[in-house]
Amino acid sequence: MELYSIVNAYTIPDEQVTAGIYGGSIRDEHIQIPAQSVHSEWNRCVMTEDVEVLFLAGHTHGLGVEFSIAPFDGQRVGESFYKNLDWHVPAITQYDPPIQLKKGTGFEWKCTWNNPAPDPVHYGLRAVDEMCNLAMVYTPFSLTAKCQVVASSDGILWRPENP
């Protein structure tokens with residue numbers, strides 16, 4: 001099978017640019033899914049600057065059975081407002097109006113996997129490994145705005161390089 005993609009890029013003069021967007025993926029690289037189990041892990045992050053979130057999505061690999069996102073005010077987790085039950089089709093959701101995130105607020109995202117195999121599964125880039133990634137796109141454009149992880153179900157606090 002041959003795979004390919006095509007990207008069209010267009011530019012406009014700098015003086016016509018009125019705003020920008022930014023974003024990225026926040027990855028939990030400490031996943032530990034026990035053998036022959038249904039297992040969940042969660043992470044919480046808060047923004048380092050005020051932003052308006054335009055898009056959210058979740059990403060797992062083939063063992064993923066649920067990905068959810070809930071608001072996190074820095075102390076309490078609210079009700080889940082995003083859920084994806086099919087890892088094949090990650091729901092990229094646009095928010096109009098955008099989600100207003102003040103500095104110090106953010107999200108809790110939770111992944112649930114079903115591992116029927118006799119061996120544990122860990123984080124990795126291969127299809128036989130697993131992931132639990134929160135993807136977000138926000139405005140204004142800022143290279144310094146990040147959603148910093150402040151809590152996780154396994155107690156590991158890690159710092160993503162990109163939001």
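The values are calculated or read from the model by the stated rules, or taken from the named source; none is laboratory data. Keep in mind it's a predicted model, so treat the numbers as computed, not measured. All Cβ positions, even for glycine, are placed from backbone atoms using ideal geometry, and neighbour counts span all protein chains on display.
Of all the residues that make up the range 4-51, how many are over 19 Å from Tyr123 (Cα atoms), of a type in the set (D, E, K, R) and within 21 Å of the chain's Cα centre (by Cα)?
Final tally of qualifying residues: 2.
In this structure, is Asp28 in contact with a strand residue (DSSP E or B) (Cβ under 8 Å, 6 or more places away or on another chain) and within 16 Å of Phe72 (Cα to Cα)?
The answer is no for Asp28.
Taking Lys146 as the residue in question, decide whether it is of a type outside the set (S, T, N, Q), surrounded by 12 or more Cβ atoms within 10 Å (Cβ to Cβ) and at pLDDT below 95.
yes
Determine, yes or no, whether Asp73 is in contact with a Lys or Arg (Cβ under 6 Å, 6 or more places away or on another chain) and acidic (Asp, Glu).
In short, no.
Give the residues of the range 85-104 that are part of a strand (DSSP E or B) and in contact with a Phe, Trp or Tyr (Cβ under 8 Å, 6 or more places away or on another chain), sorted by residue number.
The answer is Thr93, Gln94, Tyr95, Pro98, Leu101.
Could you please let me know if Ser25 is surrounded by fewer than 16 Cβ atoms within 10 Å (Cβ to Cβ), within 15 Å of Cys132 (Cα to Cα) and among the hydroxyl-bearing types (Ser, Thr, Tyr)?
The answer is yes for Ser25.
Go through the range 31-69 residue by residue and tally those that are of a type in the set (Ser, Thr, Tyr) and within 17 Å of Phe81 (Cβ to Cβ).
1
For Ile92, which of the numbered conditions (1) at pLDDT below 95; (2) among the β-branched types (Val, Ile, Thr); (3) crowded, with 19+ Cβ neighbours inside 10 Å fails to hold?
With respect to (1) at pLDDT below 95; (2) among the β-branched types (Val, Ile, Thr); (3) crowded, with 19+ Cβ neighbours inside 10 Å, Ile92 is out only on (3).
Does the range 60-76 contain at least one residue that is touching a Gly at 6+ places or on another chain (Cβ under 7 Å), under 12 Å from Val150 (Cα atoms) and in contact (Cβ under 8 Å) with a residue 12 or more places away in the chain?
Yes, the conditions are met somewhere in the range 60-76.
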